[in-house]
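*Asks:* Once you've had a glance at the structure underneath, I'll fire off some questions.
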Amino acid sequence: MKNSQILTATMALCCAGMGSAFAQNSVTLYGQIDTGLAYATHVGDGGQSVIKAQDSILGVSSFGLKGSEDLGGGVKTIFNLQLGFNPSDGKYDNPNDQGFDRNAYVGLSSNAGTVTVGHQWDLNDDWLVGSVFGCGYNSGAPFKFHEFDALSEYYNNSIKYVTPTVGGLQGAVFYAVGGVAGDFTQGSVLNLGVRYTLASLYVAATYDQEDSSSTSGAKYKLATLGAQYTFGQLRTRLGYSHADITGVGTFESIISQPAQNANLVEAGVDYTFNAAFTLSGDYLYKNNSTFSNHTSEYRLLAAYSLSKRTQLIANLAYLKNSGGATEAMYNMDDPASGTYGGLPNSDQTAFTVGIRHSF
């Protein structure tokens with residue numbers, strides 16, 4: 001209750017100040033509401049099916065304020081405050097992350113690039129999710145696989161620098177401090193990225209390293225490469241990511257797990273039939289070479305726009321585990337220790353329909 005009261009007061013003050021802010025600054029109230037119904041197999045005890053309300057089909061519902069102030073000489077102050085919520089019950093999307101859990105940063109932007117400081121998303125999410133790895137937060141996303149959560153993650157205590165684009169080329173550095181006395185690397189996160197755009201071609205590569213916040217010395221490393229190319233109404237996408245977990249540790253984005261290596265490939269296409277209707281198809285394959293198990297996933301998404309801001313969504317996904325893999329799009333009620341949501345070698349079908357409105 002106390003956190004809710006503080007948040008409500010903060011938002012009220014922000015909104016109250018918007019009138020004067022508009023005179024000198026640019027301030028935008030924005031957000032999206034994404035919700036619907038889902039049917040999923042092999043949930044509950046592993047042999048049951050369910051029909052349930054489903055939030056965040058393509059992305060987490062959110063509400064935020066962002067803006068800028070012109071300081072002159074081509075320099076601007078920028079900020080972004082964003083919180084996530086579940087439309088089905090009105091609660092925070094993550095009960096462990098209250099307040100502005102999706103973004104909370106301030107920075108400076110100029111011809112020399114952009115620097116932001118605070119709570120913000122990594123470069124993997126900025127440059128690869130959506131553009132290469134198909135969207136679908138609760139519709140079969142690659143970052144739901146237990147070795148690849150850092151494909152889309154936000155971090156506290158971070159600083160991000162993005163260079164200007166020169167000849168289609170852009171680079172970036174992201175660093176989150178661990179805050180551990182006597183050890184500058186413990187609990188830290190380093191993320192490097194480069195991307196290139198030329199006409200219909202887009203290519204991006206990132207490297208991510210998380211150091212355990214415990215004293216184990218373990219590291220979680222993720223190297224990712226992705227590309228997209230557009231042929232008229234058809235957009236093709238191909239992404240690859242390699243995960244290297246060096247040992248048991250306490251990480252920001254993944255749960256503690258034994259040392260292992262895994263590879264992920266996603267191939268996808270998006271076809272725009274007209275201004276209103278788009279059909280997307282994706283195939284994901286994840287191979288854990290350490291434990292000799294793998295997971296395949298097939299996803300078909302249809303999106304129909306009623307307007308520039310409102311979409312109807314239908315998503316069909318099928319997941320199949322082999323070699324003892326235990327991945328799931330929708331977790332069992334009480335998965336066994338050492339598993340990741342499903343039974344060994346299980347499969348799962350999920351069908352979701354919903355509506356998404358942006359403002």
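The values are calculated or read from the model by the stated rules, or taken from the named source; none is laboratory data. Note that the coordinates shown come from a computational prediction; the quantities given were computed from them, not determined experimentally. Please note: Cβ atoms are built from the backbone with ideal geometry, for glycine as well, and neighbour counts cover all protein chains shown. All accessible areas refer to the heavy atoms of the entire protein, side chains included, with ligands and DNA or RNA removed. Shrake-Rupley method; radii C 1.70, N 1.55, O 1.52, S 1.80 Å.
*Asks:* If you go through the range 260-277 one residue at a time, how many are part of a strand (DSSP E or B) and open to solvent by 40 Å² or more (accessible area, probe 1.4 Å)?
*Replies:* 8
*Asks:* If you take the residues in the range 323-345 that are open to solvent by 50 Å² or more (accessible area, probe 1.4 Å) and among the small types (Gly, Ala, Ser), which one is modelled with the highest pLDDT?
*Replies:* Selected residue: Gly323.
*Asks:* Please count how many residues of the range 25-60 are touching an Asp or Glu at 6+ places or on another chain (Cβ under 7 Å) and within 22 Å of Phe359 (Cα to Cα).
*Replies:* Residues that pass the stated criteria total 9.
*Asks:* Could we say that Leu319 is touching a residue at least 24 places away in the same chain (Cβ under 8 Å) and within 25 Å of Tyr30 (Cβ to Cβ) here?
*Replies:* So Leu319 does not fit the description; no.
*Asks:* For Ala303, are the conditions met, namely being small (Gly, Ala, Ser), in a strand (DSSP E or B) and under 22 Å from the mean Cα position of the chain (by Cα)?
*Replies:* yes
*Asks:* What about Leu300, is it open to solvent by 40 Å² or more (accessible area, probe 1.4 Å) and under 19 Å from Gln233 (Cα atoms)?
*Replies:* For Leu300, the condition - open to solvent by 40 Å² or more (accessible area, probe 1.4 Å) and under 19 Å from Gln233 (Cα atoms) - is met.
*Asks:* Can you pull out every residue in the range 177-227 that is of a type in the set (S, T, N, Q) and either closer than 22 Å to Phe133 by Cα or open to solvent by less than 70 Å² (accessible area, probe 1.4 Å) (or both)? Show your work before the answer.
*Replies:* Pass one, the range 177-227, residues of a type in the set (S, T, N, Q): 185-186, 188, 191, 197, 200, 206, 209, 212-216, 224.
If the condition is that a residue be of a type in the set (S, T, N, Q) and either closer than 22 Å to Phe133 by Cα or open to solvent by less than 70 Å² (accessible area, probe 1.4 Å) (or both), then Gln186, Ser188, Asn191, Thr197, Ser200, Thr206, Gln209, Ser212, Ser213, Ser214, Ser216, Thr224 are the ones that fit.
*Asks:* If you scan the range 286-300, which residues turn out to be within 20 Å of Tyr271 (Cα to Cα) and either of a type in the set (Ser, Thr, Tyr) or not in a strand (DSSP E or B) (or both)?
*Replies:* Selection gives Tyr298 alone.
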